[in-house]
1. If the limit is 23 Å between Cα atoms, which of Lys72/Lys142; Lys57/Lys142; Lys14/Lys142; Lys57/Lys108; Lys29/Lys131; Lys72/Lys108 go over it?
2. Which residue, Asp97, Asp61, Asp78, has the most motion in a Gaussian network model of the chain that connects Cα atoms within less than 10 Å?
3. How big is the dipole moment of segment 3-165 about its Cα centre under a simple scheme where the beta carbon of each Lys and Arg is +1, that of each Asp and Glu is -1, and everything else is neutral? Debye, nearest 20, please.
4. On a full-extension model of 0.36 nm per residue, what is the gain between Leu32 and Ser107, subtracting their alpha-carbon distance, rounded to one decimal in nm?
5. Give me the distance between the Cα centres of segment 72-95 and segment 120-148, rounded to whole Å.
6. At Asn8 and Val159, where each label point lies 7 Å from the Cα along Cα→Cβ, what is the point-to-point distance in nanometres?
Amino acid sequence: MDVSLFSNQYLIRKMCTDDVAEVYKLCYKDSLYYQYCPPFVSEQSIMDDMNALPPNKEMCDKYYLGFYDGNKLIAVMDFIMAYPEESTGFIGFFMTDVSIQNTGIGSKIINDLCAYLSRIEMANVRLGWVKGNPQAEHFWHKNGFRETGVSYDAENYTVIVGQRSL
Ligand SMILES: CC(C)(COP(=O)(O)OP(=O)(O)OC[C@H]1O[C@@H](n2cnc3c(N)ncnc32)[C@H](O)[C@@H]1OP(=O)(O)O)[C@@H](O)C(=O)NCCC(=O)NCCS
């Protein structure tokens with residue numbers, strides 16, 4: 001899959017071990033997110049996330065991506081292709097840099113991604129947000145994601161599973 005087609009505005013590249021410090025610099029500023037989704041981020045937790053896979057998926061299905069505006073990293077996304085079923089894309093994590101939040105950039109990235117996935121005949125995008133996180137819930141609702149009725153308990157919080165049809 002050509003990830004550069006995920007956005008018609010931003011440069012996108014797969015992030016690797018060398019990029020962990022840069023991803024950390026984006027994430028650690030977002031204390032609100034980690035209040036709802038502890039523990040607080042570390043370079044090690046980013047490295048672990050870069051290597052984490054859901055059941056029955058392989059590294060070739062995983063895209064841990066950085067979105068750049070020029071040289072500036074403005075967003076990070078962990079995307080899994082064809083999970084939990086063939087026609088569904090799964091967003092495991094999405095965060096924009098605090099300095100550009102609430103300017104519409106997150107919505108633009110998600111809408112461009114959905115448009116691309118629709119063009120390649122995917123049917124749904126699925127994800128989870130932490131129950132009670134007002135920012136995440138508002139953002140996903142605003143971008144057309146609806147509760148599937150599924151939720152599950154992690155150690156310190158409950159995850160609501162949401163989905164958007166393409
Ligand atoms: C959620 C997130 C990706 C949105 O990115 P963004 O670039 O700010 O997105 P947009 O500017 O398109 O939209 C932000 C919306 O959230 C709303 N919002 C921001 N803070 C909020 C809060 N505390 N409570 C409720 N809504 C809030 C904004 O008002 C805006 O909605 P509006 O256009 O209806 O006013 C970004 O805030 C973020 O990275 N948060 C931390 C990580 C996270 O929660 N990721 C999602 C769960 S995986």
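1. Details: Lys72/Lys142 26 Å; Lys57/Lys142 29 Å; Lys14/Lys142 27 Å; Lys57/Lys108 28 Å; Lys29/Lys131 21 Å; Lys72/Lys108 17 Å.
Exceeds cut-off: Lys72/Lys142; Lys57/Lys142; Lys14/Lys142; Lys57/Lys108.
2. Asp61
3. 500
4. 25.1 nm
5. Centre-to-centre distance over Cα atoms comes out at 12 Å.
6. 3.3
Every number here is computed from the coordinates shown, using simple stated rules; none is lab data. All values derive from a computational prediction rather than experimental measurement. Note: ideal-geometry Cβ built from the backbone for every residue, glycine included; neighbour counts use all protein chains shown.
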